[in-house]
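Pasting in a structure now, in C-alpha cells, and then I'll have a few things to ask.
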Amino acid sequence: MKNLTWNMFANIKNGQMLKKPFIIQPRKKFCASFLDILWDEGFILGYKVSNKNFNNFKIFLKYHKGQPVINSIVTITKPSLRVYYKLSQLWKIKINNELLIVSTTKGLLTLENCKKFRVGGEPFLLIR
C-alpha cells in the first residue's frame, strides 16, 4: 500500500520537472491524506477524482513565476528501512520553508502538528 505513496511522490516530482499542469494518479485513501496536507500547505493547487476514470486522482501542480513550488522530495523512511522518531527527537528538528510529513497514531501530520499534539511517529517525506 505504501509503495503507491512513494510512486505518487515520484510522479509529482517528475511532473514538476516536466512542467506539466496536472498528473494522473491511482486513487487510494492513504494518498488522499497526503494530498490534503500538500494542498493545505500550498504545495499543490488541488486534486479531484478524474472524470474519465473514477479510480484515479487528477492532481494539479503548482508553479510560482514559472518555477515548480516543490523543488525536491526527500524520502526519509523507505520500504526497506523504516525510521521512527520519538517526540523528543521531533523537537530537535528545525526546518524553515520545508514540510515534514509524519505518520502517527493520529493520522498523517506535519512536524508542527506533531509537536502541537505531542506525538511521535514515522517520518515519510521532507518537501522543499
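A short reminder: the numbers here are calculations on the coordinates, not readings from a lab. Please read all numbers here as calculations on a predicted model, not as lab measurements. With ideal geometry, Cβ positions are generated from the backbone for all residues, glycine too; neighbour counts draw on all protein chains shown.
Taking only Cα atoms, what is the 0 to 90° angle, nearest 10, from helix 2-17's long axis to the longest principal axis of the chain?
60
Mean residue ellipticity at 222 nm from the helices of the chain, using -39,500 (n - 2.57) per DSSP H segment of n ≥ 4 over the full residue count, to the nearest 500 deg cm²/dmol? Walk me through the intermediate numbers first.
On the way: 4 runs with 41 residues, N = 128.
Value at 222 nm, helices only: -9500 deg cm²/dmol.
Another question, then. Mind giving me the nanometre distance, one decimal, between the label points for I76 and R128, set 7 Å out from Cα along Cα→Cβ?
Using points 7 Å along Cα→Cβ, the separation is 1.5 nm.
Please give the length that would be gained between I93 and K13 if that part of the chain were fully extended, namely 0.36 nm times their separation in residues minus their C-alpha to C-alpha distance (nm, one decimal). Write out the running numbers ahead of the final one.
Details: separation 80, 0.36 × 80 = 28.80 nm, distance 2.40 nm.
That works out to 26.4 nm of additional length.
Can you tally the lysine pairs in the range 73-127 where the Cα-Cα distance is under 19 Å and the two residues are eight or more apart, or on different chains?
Summing the qualifying lysine pairs gives 11.
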